[in-house]
Amino acid sequence: MTHQQDESQNYKRIARNTLMLYARFALTLFISLFTSRVVLQALGFNDFGLYNVVGGFVSLLAFMNGYISEGTSRFITFAIGERNEEHLKDTFSGALALHVMLACVILIAAETVGLWYVENKLNIQAGREDVALFVYQLSIITCVLGVMQTPFSACIMAHEDMGIYAYISIFDTVMKLVIVYLLMVVDTDKLRLYAVFYFCVSLLTSSFYLLFCRRKYSECRFRLRIDGKLYKKMFEYIGWKAMGAIAFTLNGQGITVLLNMFFGTVINAARGVAGSVSNIVSQFVFNFQTAMQPQIVKHYAAGEYEKMNKLIFYCAKYSSYLCMLFGIPIFIEADTILKIWLGNVPPFAATFVRLTIIQIMVQAIDFPVGYGINAVGKMKLPNITSSLVYLLILPLSYLAMKLGANPTVAYLVSIICYPGAMICDVWILHKYTKFNRMSYYCGILLKTLFFVVIASILPTVAHFYMPTNFVRLCAVTALSLACSCPLIYYKGLDDRARQLVMEKIKDKLHIRRS
């Protein structure tokens, strides 16, 4: 197979995986928006709040699972890229052992400190204490199942079987829709029923992951073989990764506390609204990056640094284009969108949404560089630098608020600091793999900024000269897409990418070449 054919196959694989992830996201988003509303109505405010506070406390105990699972995915993907079957089996066994240990720690902590806290410190409605403990115990088991399932789901992602991953996620979401129906028709204690059904769905999902992986992948068998060197690498990776993640989390939660301290809960509501919009836009962008991440790790494992850096470049470039398509109309029409969605919009919510869109744009360009660093696996330097940048945001925001700045200062400080973290990441990747920094800055950062400015001119004119209503929202969105798409197609894509796009369009339209 020639280099061009190999690259074409990679493009098609990534495109197929991305489409599967987007199909999963669209369905799960639609069902989640519906089910959350119905579950709230079925349980009522008190029981719904009780379930979330108890389940949220268990999730807090499982804080480290996210970072261990990211390390698991990286090491399994790396082993696949090395094409070393024995090393792959050792890696999976090591990852499974780590998750078993984590599950045991969570179980012990939940049944001692956690149980004491739930019984003595949580503000539970009188007469619902027994139900709270019942929900708590089921939440613990559900959490442990989720931790134990992680190595198996990581294998699916590493093998790029996104279709199976999407189908399982869709099954999980559809079953939650069934739960909603049962809540509406079954006459019993609905909170107990909801906890039992939710646990059953988690058990079914975990069982499917286990059975599928054991049947499909030969490495998904535990064997008692301790590879000290491998375990050391995994612990170092997870430890340094956790440091950066904790700094990022403390920054996010710290900003929320600061806003509450200086401006009250109304501003927190605005931050919550901006966070919801941010999650939706982020999913559109980062689903694409999820499909490309395994290929980045595999190229590095195979010693194909040039291919890896090229893929990182493409990932950052196309992520910025996706962010443009969704971000520009949301940025311009944030007030109208929030008014239609919420009716009564908290003060500063639209401004927070706009500033969040800028943050997502920076992250969309920076995260692929982070994937390259993750592939290398040397996490000490990048996490020290990123931690310093993220933790710098908090004192600067506090100082500005103390001097009388309005709530937007927290977002503005982040927008100023985030590019600093990005510059550090690019420098580190260059240090590790000779990543081309000037091509990145000129070919992605400056070009994206130029595209955003050009594509925003006509939609902005429409925004200011049309009356505020749904028609203007549609017009701004249509103009934004009409300006962005040709710009991206003719000036943003290379010849091979344009050819693949046209082939895909012709296939969909059933146009046969003569």
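Return a whole-number percent for the relative contact order of the stretch 334-423, with Cα pairs under 8 Å and 6 or more residues apart as the contact set.
Relative contact order here is 37 percent.
Among the trypsin sites (Lys or Arg not before Pro) in the stretch 393-473, which ones are in a DSSP loop with at most 13 other Cβ atoms within 10 Å of the Cβ? Mind listing them?
Lys434
Beyond a 21 Å Cα-Cα separation, which of these cross-linked pairs lie in this structure: Lys229/Lys310; Lys298/Lys491; Lys233/Lys310; Lys339/Lys447; Lys378/Lys431; Lys233/Lys317?
Working: Lys229/Lys310 31 Å; Lys298/Lys491 30 Å; Lys233/Lys310 27 Å; Lys339/Lys447 33 Å; Lys378/Lys431 11 Å; Lys233/Lys317 31 Å.
Checking Cα-Cα distances, Lys229/Lys310; Lys298/Lys491; Lys233/Lys310; Lys339/Lys447; Lys233/Lys317 exceed 21 Å.
Hey, could you pull the Cα Rg and Dmax for the stretch 188-322, both in Å?
Here Rg and the maximum Cα pair distance are 21.4, 61 Å.
Say each of Leu133 and Ile416 gets a label point 7 Å from the Cα, pointing the same way as Cα to Cβ; how far apart are those two points in nm?
Calculated label separation equals 5.3 nm.
Determine, from the Cβ-Cβ distance of Arg221 and Ile170 and an R0 of 35 Å, the FRET efficiency 1/(1 + (r/R0)^6), rounded to the nearest 0.05.
Here the calculated transfer efficiency is 0.80.
I want to check the label-to-label distance for Arg214 and Lys380. Put each point 7 Å from Cα in the C-beta direction and report it in nm to one decimal.
Modelled inter-label distance: 4.1 nm.
Which ³J(HN,Hα) values in Hz, rounded to whole numbers, follow from the phi angles of the stretch 295-307 under the Karplus curve 6.51 cos²θ - 1.76 cosθ + 1.60, where θ = phi - 60° and Gly and Pro get x?
Rounded to whole hertz, the list is 5, 4, 5, 5, 4, 5, 4, 7, x, 8, 5, 5, 5.
Note down the nm distance, to one decimal, between modelled labels 7 Å out along Cα→Cβ at Thr256 and at Leu458.
4.1 nm
From the residues Phe262, Val273, Met292, which one has its Cα farthest along the dipole of the stretch 208-328 in the positive direction, the dipole being from +1 and -1 charges on Cβ of Lys/Arg and Asp/Glu about the Cα centre?
Met292
Express the accessible area of the stretch 385-430 per residue in Å², computed with a 1.4 Å probe while the remaining protein chains stay in the model.
Heavy-atom SASA per residue in the stretch 385-430 reads 44 Å².
What is the magnitude of the charge dipole of the stretch 344-477 about its Cα centre, with +1 placed on the Cβ of each Lys and Arg, -1 on the Cβ of each Asp and Glu, and no other charges, expressed in debye to the nearest 20?
That gives a dipole near 260 debye.
Convert each backbone phi in the stretch 422-427 into a coupling constant with the Karplus relation 6.51 cos²θ - 1.76 cosθ + 1.60 (shift: θ = phi - 60°), then list the ³J(HN,Hα) values in order as whole Hz, x for Gly and Pro.
After applying 6.51 cos²θ - 1.76 cosθ + 1.60, I find 5, 4, 4, 4, 5, 4 Hz.
Taking the inverse of the average 1/r across all pairs of different Cα atoms in the stretch 278-388, what Kirkwood radius in Å do you get?
15.5 Å
Give the carbon-plus-sulfur fraction of the accessible surface of the stretch 201-328 in %, rounded to a whole number; probe 1.4 Å, heavy atoms of protein chains only. It would help to have the intermediate numbers written out before the result.
Numbers: 3700 of 5830 Å².
Using a 1.4 Å probe with all protein chains present, the stretch 201-328 comes out at 64 percent carbon and sulfur.
Calculate, for Leu342 and Tyr231, the FRET efficiency according to 1/(1 + (r/R0)^6) with r their C-beta to C-beta distance and R0 60 Å; round to the nearest 0.05.
0.75
Can you give the Rg to Rh ratio for the stretch 355-468, taking only C-alpha atoms and Rh from Kirkwood? Mind dumping the intermediate values first?
Values: Rg = 17.2 Å, Rh = 16.2 Å.
Taking Rg over the Kirkwood Rh, I get 1.07.
Using alpha carbon coordinates only, what is the Rg to Rh ratio of the stretch 417-468, with Rh defined as the Kirkwood radius? Walk me through the intermediate numbers first.
Details: Rg = 16.8 Å, Rh = 13.3 Å.
Value, to two decimals: 1.26.
The values are calculated or read from the model by the stated rules, or taken from the named source; none is laboratory data. Everything numeric here is computed off the predicted structure, so don't read it as measured data. Neighbour counts are summed over all protein chains in view; Cβ atoms, including those assigned to glycine, are modelled from backbone coordinates with ideal geometry. In case anyone asks, the SASA skips ligands and DNA or RNA and just uses the protein heavy atoms, side chains included. Shrake-Rupley method; radii C 1.70, N 1.55, O 1.52, S 1.80 Å.
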